[in-house]
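Remarks on the structure that follows.
The values are calculated or read from the model by the stated rules, or taken from the named source; none is laboratory data. These numbers were taken from a predicted model, which means no experiment stands behind them. Note that each Cβ is placed from the backbone with ideal geometry, even for glycine, and that neighbours are counted across all protein chains shown. Areas reflect the complete protein model, heavy atoms only, side chains present, ligands, DNA and RNA absent. Shrake-Rupley method; radii C 1.70, N 1.55, O 1.52, S 1.80 Å.
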Amino acid sequence: MSKKQDTDQIEQPRMVKSHDIHIDAEYAEWIAELKHRYRSAQVKAAVKVNAEKLLFNWQLGRDLVQKKAEERWGAGVVEQVSLDLRREFPKENGFSTRNLHYMKQWYLFYTDDSPLLQRLVAELQSSINQNQIKLQRPVAEILKQPVSVLDIHTNVEFPLPFALVPWGQHIEIMTRSKSLEEALFYIHQVVDKGLSRPALINCFKAHLYEHQGKIVNNFSDHLPEVQSRLVQEVLKENYDFSFATVEHDPYEERELEDALTEDVTNLLLEMGTGFAFVGRQKEIVVGGRSRKIDLLFYHIRLRCYIACEIKVKPFEPEFAGKLNYYVNAVDELLKTNDDNPTIGLLVCSDMNKTDVQWSFRGISTPMGVATYNNIRIKDALPSQEQLAERVRLLQKELQETKRLMNKNKE
């Protein structure tokens, strides 16, 4: 087609529509490649914009600290900077006085102990690389770049993994964390799992940092180092089963299991990212005898089955032997060559760590023991009639209070 024909086709008035053209496999492959290329460009642009804005926030916080702005220009300088920036960039919503104070607080939080920060960031980046997190290519490229590409002119370098975390999540992590170690842990969680701000807040409410990696286990004895570390990051020391309601107290194991699996969505949310529910009471028949695994999961990131036993009483040594049997059964009957060794998880009402450690001696399968709490008892909950009566009494009390206040005014 000539240049004139191209121009005529562009300028000619027409209704754009699908054409009756010959579409073959090569055309379909080309279109798919174009779509992938554009999505990649979108991600790369978003990551770059986020990284540059975070770098600006870091440097502005640094300036407020290093210039001793409030001592030099007065206590209202942050508010004045906010006004000046918003006047110049009226469409930007990140220059509020509160946000500028957050930037200063953010810089101070991480640079208070710069040697510790550098060590922890190095460990974080190493962990990201070793865990082989499947980041999109434009995101992964950020982590491979030298710090100098971000044009940092300060003694404390801007940590590159920070560029992968949105500003809102940074604020939650900084304001809720009690230490650098805890903050870097949650940075890792956001980068690894792509946590939204509400999901991150839920992790703080569940005290994920305190519980993560502290499950009593024998993983380091029977799994490769990297796999052992990953399993300990995935499994918790304690599980919050507050979403489950049982009829009576005391309750039986089957009743608790029914309550847990009645709401599989919340069960999986509490177990953590990557868990897939395979089934409950999975039957194993050996020598004509039937035995059943309480709960069976598959973890996508760990690439292994997790056989889970639920006990409504404190840990007993014989529980370890039974769980060991189930782990071996899953390895024999379900595990494929592409799967990692099956993990055993026992969740009981309470435990003594020495009991668990002694019970694990001589067992070669990887297993961990955790506890649970916050089961709701239906009999202990107020009925609909009781709630209605409470509301009626409260309304009556409010009316009486209002009457007395009006009387006093007279």
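Quick notes on this structure:
- Among residues of region 43-73 being open to solvent by 100 Å² or more (accessible area, probe 1.4 Å) and under 24 Å from the mean Cα position of the chain (by Cα), the one that is modelled with the lowest pLDDT is 44.
- Odd one out for residue 341 among (1) open to solvent by less than 10 Å² (accessible area, probe 1.4 Å); (2) of a type outside the set (Val, Ile, Thr); (3) more than 24 Å from the chain's Cα centre (by Cα): (1)
- Residues of region 54-96 that turn out to be of a type outside the set (Gly, Ala, Ser), part of a helix (DSSP H, G or I) and under 22 Å from residue 158 (Cβ atoms), as a count: 15
- Helices (runs of 4 or more DSSP H) contained entirely in region 190-272, each with at least 3 residues that are among the charged types (D, E, K, R) and either at pLDDT below 85 or open to solvent by less than 20 Å² (accessible area, probe 1.4 Å) (or both): 225-234
- Cβ pairs under 8 Å, 6+ apart, first in region 342-354 and part of a strand (DSSP E or B), second exposed (fewer than 15 other Cβ atoms within 10 Å of the Cβ) and charged (D, E, K, R): 348/313
- Index of the failed condition, residue 78 passing every other in (1) surrounded by 16 or more Cβ atoms within 10 Å (Cβ to Cβ); (2) among the aliphatic types (A, V, I, L, M); (3) closer than 30 Å to residue 191 by Cα: (3)
- Verdict on residue 35 being in a helix (DSSP H, G or I), in contact (Cβ under 8 Å) with a residue 60 or more places away in the chain, over 23 Å from residue 182 (Cα atoms) and open to solvent by 40 Å² or more (accessible area, probe 1.4 Å): no
- Subset of region 273-300 [open to solvent by less than 50 Å² (accessible area, probe 1.4 Å), at pLDDT below 95 and among the β-branched types (Val, Ile, Thr)]: 284
- When region 163-189 is filtered for residues that are within 14 Å of the chain's Cα centre (by Cα) and not in a helix (DSSP H, G or I), the ones remaining, listed by number, are 165, 166.
- Residue satisfying all of: in region 355-377; in contact with a helix residue (DSSP H, G or I) (Cβ under 8 Å, 6 or more places away or on another chain) and in a loop (DSSP other than H, G, I, E, B); surrounded by the most Cβ atoms within 10 Å (Cβ to Cβ) among these: 366
- Selection count where residues are touching a Leu at 6+ places or on another chain (Cβ under 9 Å), open to solvent by 10 Å² or more (accessible area, probe 1.4 Å) and not in a loop (DSSP other than H, G, I, E, B), scope region 302-321: 2
- Criterion: closer than 17 Å to residue 165 by Cβ and either among the hydroxyl-bearing types (Ser, Thr, Tyr) or open to solvent by 100 Å² or more (accessible area, probe 1.4 Å) (or both) - qualifying residue of 107, 27: 107
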